[in-house]
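**Student:** This structure is in structure tokens; I'll ask about it shortly.
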Amino acid sequence: MGAVEQVERQSRLRIALGAAVVLVLVGLGCAVLFAALAPQGSSTAVAPSLPPTTEPVGIFVHVLGEVASPGLYELAEGDRAVDAVAAAGGFTRKADQAQLNLARFVTDGEQIVVPRVGAAPAAGGGASVPGKVNLNTADAAALETLPRIGPSMAERILAWRETNGRFASIEDLLNVSGVGEKTFEALKSLVTV
């Protein structure tokens, strides 16, 4: 290879290398220019989302009988009979505290009657209408005091209440497996909601 050819080759290599450097610089310049002229996204501060506050659901309970201030009281869901009695000002001196299960949970729309000492015990633990079993608050023992209701039927009533919620009317008893027209007729004057 001659000296002329070698000089020509080096010259072409320098030109190619120079062209590559110029292309890289032009590409970087275009990228910078494009970034500078591109519309900028607006940045907005996003407030951290706070967990929703779970305020207790208000329920209403009617407290009657031997309490300081009988009446309608708003309580929180999950409150117990003792809370309802406290809201009504507590027991009077004539109240038979042993007839009322103070530890049981109260339900919306319930009526609690605090009996007087010496009064006949109310079925269902002193809840609802005196002498009637409240289908929404009664336990198995209270249900078994009813005619035609044995342990298995009481459990089916409690299971229905657990699955479906409160009894809206006494006629909902007909939706419980095993409660037919005859059983319902025997119970309808002895139960309440």
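Nothing in this text is a laboratory measurement; each read-out follows from the coordinates by a stated rule. What you see is a predicted model, and the numbers here were worked out from it, not measured in a lab. In this analysis, Cβ positions are derived from the backbone assuming ideal geometry, glycine residues included, and neighbour counts consider all displayed protein chains.
**Student:** Quick one: give the max-minus-min coordinate of the C-alpha atoms of segment 58-192 along each principal axis, largest first, in Å.
**Tutor:** Ordered largest first, segment 58-192 gives principal extents of 43, 34, 20 Å.
**Student:** At 4 °C and a viscosity of 1.567 mPa s, what translational diffusion coefficient does Stokes-Einstein give for segment 1-40, taking Rh as the Kirkwood radius over Cα pairs? Give it in µm²/s as a whole number.
**Tutor:** Working: Rh = 12.3 Å.
Approximately 105 µm²/s, per Stokes-Einstein.
**Student:** Search the structure for amide H atoms under 5 Å from the amide H of Val191, placed 1.01 Å from N in the peptide plane, and list their residues when 5 or more places away or on another chain.
**Tutor:** Placed amide hydrogens put Val133 under 5 Å from Val191.
**Student:** Restricting attention to the alpha-carbon atoms of segment 78-119, what are Rg (one decimal) and Dmax (integer), both in Å?
**Tutor:** 10.1, 31
**Student:** OK, next. How much net charge surrounds Phe105 when only the other residues with a Cβ under 15 Å from the Cβ of Phe105 are counted, with Lys and Arg +1 and Asp and Glu -1? Walk me through the intermediate numbers first.
**Tutor:** Values: positive: Arg80, Arg104, Arg161, Arg166; negative: Glu77, Asp79, Asp83, Asp108, Glu110, Asp139, Glu162.
So the surrounding residues net to -3.
**Student:** Okay, moving on. Under 23 Å Cα to Cα from Lys94, which lysines show up? Leave out anything in the same chain fewer than 8 places away.
**Tutor:** Answer for Lys94, where 23 Å is the Cα cut-off: Lys132, listed by chain and number.
**Student:** For Ile112, list long-range residues whose amide hydrogen, built 1.01 Å from N in the peptide plane, is under 5 Å from its own amide hydrogen.
**Tutor:** His62, Val63, Leu64, Ser128
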